[in-house]
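Only one structure is covered here, and it is reproduced in the block below.
The values are calculated or read from the model by the stated rules, or taken from the named source; none is laboratory data. Note that the coordinates shown come from a computational prediction; the quantities given were computed from them, not determined experimentally. Cβ placement follows ideal geometry from the backbone for every residue including glycine, while neighbour counts extend to all protein chains displayed. For accessibility, only protein heavy atoms count, side chains too; no ligands or nucleic acids. Shrake-Rupley method; radii C 1.70, N 1.55, O 1.52, S 1.80 Å.
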Amino acid sequence: MMQSNSSIPSRSYWHVVARQLRQEPVAMASAVVLLLIICAAVFAPWLAPADPFKASMLKRLLPIGSSGYLLGTDELGRDMVTRLMYGGRLSLLMGVVPVFAAFFIGTSIGLFAGYVGGRVNMVIMRVLDVFYAFPSVLLAVAISGALGPGMSNSLIALTLVFVPQVVRVAESVTTQVRKLDYIEAARMSGASAFSIIRVHVLGNVLGPVFVYATGLLSVSMILASGLSFLGLGVKPPEPEWGLMLNTLRSAIYNNPWIAALPGAFIFITSIAFNLLADGVRSAMDIRR
């Protein structure tokens with residue numbers, strides 16, 4: 001997928017990518033599902049039928065399809081449709097923000113390490129390899145636990161989990177690109193390292209790293225929900241799918257369908273992100 005600046009114009013390349021992506025029915029269906037979920041979350045204040053914090057002990061755990069409550073109510077009698085719509089705002093935020101932060105931070109570090117090479121590269125990569133000694137879930141829980149519960153600390157923890165992974169991809173691609181002939185020609189012509197990276201290297205590195213980062217979105221959604229489920233993320237009474245899954249545990253024997261709803265939304269959103277990432281990866285393979 002790497003190409004020199006002279007082989008395929010940027011506009012033509014992305015035109016081909018968009019055309020191939022439209023030919024991926026699974027990816028397009030996933031994009032539609034994600035768009036609906038995002039729109040429901042963003043416009044929740046106008047679309048939600050009730051107040052997400054209004055409780056009623058007389059209406060606890062109403063079943064799905066109850067009059068006035070399409071998806072029933074939770075353990076405190078709050079409308080589940082409203083809670084799920086508002087919960088999507090924090091769940092999507094906690095799933096997307098760490099990946100984008102890791103994308104920018106990791107790409108910068110990977111570009112620097114891959115272009116400089118030598119001992120600098122070795123030191124940076126060996127330090128980051130320490131993070132690979134721990135599973136992502138355990139590392140996220142450990143960092144979040146050390147920082148303390150809260151959404152901001154969870155965002156920091158997830159970002160730190162994903163940065164080493166993005167750095168490894170960016171460094172690997174940069175190491176390959178900097179050995180190409182046109183990079184050496186630019187270096188011999190007296191171009192500065194910054195100019196070479198910005199003009200010749202960055203365009204070839206961003207594509208593979210971006211595709212890899214989109215694949216992390218589904219993982220980030222699950223990890224973020226897991227932190228909230230463990231009490232390390234969003235705090236009550238804020239609606240968030242992972243936290244809702246935790247608070248509804250006591251209802252699993254009385255009304256299992258209500259208790260399963262937040263988990264179903266986590267699953268659907270994660271699968272949609274994963275399938276869309278596969279479609280983008282396939283569409284960006286212009287050699288096929």
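I need the shape label for the chain. Rule: rounded when a/c is under 1.5, else prolate if a/b > b/c, else oblate, with a, b, c from the alpha carbon gyration tensor. Because a/c hits 1.5 or more and a/b exceeds b/c, the chain counts as prolate. In terms of its C-alpha gyration tensor, region 1-145 comes out oblate, because a/c is 1.5 or above while a/b does not outweigh b/c.
Rounded to the nearest 10 square angstrom, Val42 shows an accessible area of 70 square angstrom against a 1.4 Å probe. Computed over the chain, relative contact order equals 27 percent, with contacts defined as Cα pairs under 8 Å that lie 6+ residues apart. Candidate cross-link partners of Lys179 among the aspartates and glutamates, defined by an alpha-carbon separation under 17 Å and a same-chain spacing of 8 or more, comprise Glu171.
Please compute the net charge surrounding Ala213, taking Lys and Arg as +1 and Asp and Glu as -1 over other residues with Cβ under 14 Å from its Cβ. With Lys, Arg at +1 and Asp, Glu at -1, the net is +1.
Under unit Cβ charges (Lys, Arg +1; Asp, Glu -1), what dipole magnitude, rounded to 20 debye, does region 1-142 have relative to its Cα centre? It comes to approximately 180 debye. For Val219, the solvent-accessible surface computed with a 1.4 Å probe is close to 60 Å², ligands and nucleic acids excluded. May I ask which residue of Phe104, Leu92, Gly150 lies farthest towards the positive end of the charge dipole of region 75-196, with charges of +1 (Lys, Arg) and -1 (Asp, Glu) on Cβ and the Cα centre as origin? Checking the options against the dipole of region 75-196, the answer is Phe104. Based on Cα contacts under 8 Å between residues 6+ apart, region 195-270 shows a relative contact order of 26 percent.
Only Lys, Arg, Asp and Glu carry charge here, each on its Cβ (+1 for the first two, -1 for the last two); on that basis the chain has a dipole of about 360 debye about its Cα centre. In terms of accessible area, using a 1.4 Å probe and ignoring ligands and nucleic acids, Leu111, Leu245 rank largest first as Leu245, Leu111.
Let me check I've understood the local charge: for Asp79, count other residues with C-beta under 14 angstrom from its C-beta, Lys and Arg +1, Asp and Glu -1. What total comes out? Within the 14 Å Cβ shell, the charges total +2. Of Arg178, Arg168, the residue with the largest accessible area leads and the full order is Arg168, Arg178 (1.4 Å probe).
Protein heavy-atom accessible surface, 1.4 Å probe, per residue over the chain: 51 Å². For a straight C-alpha distance cut-off of 18 angstrom, the aspartates and glutamates reachable from Lys54 (same-chain residues fewer than eight places away being disregarded) are Asp74, Glu75, Asp79, Glu238, Glu240. Our summary gives region 132-288 a relative contact order of 25 percent, counting only alpha carbon pairs under 8 angstrom and 6 or more residues apart. With a/c under 1.5 counting as rounded, go ahead and sort region 154-208 into rounded, prolate or oblate using the C-alpha gyration tensor (a ≥ b ≥ c being the square roots of the eigenvalues; past the cut-off, prolate if a/b is larger than b/c, else oblate). It is prolate, given that a/c is not under 1.5 and a/b is the larger ratio.
Assuming charge only on the beta carbon of Lys and Arg (+1) and of Asp and Glu (-1), the dipole of region 155-288 about its Cα centre is about 240 debye to the nearest 20.
Probe 1.4 Å, all protein chains in place: accessible area of Arg22 in Å², nearest 10? Its accessible surface works out to 150 Å², give or take rounding.
Of the DSSP H helices in the chain, those with a Cα length along their own long axis of 15 Å or more and a mean Kyte-Doolittle hydropathy reaching -1.0 comprise 10-22, 25-42, 80-116, 118-129, 136-147, 151-177, 202-229, 256-283.
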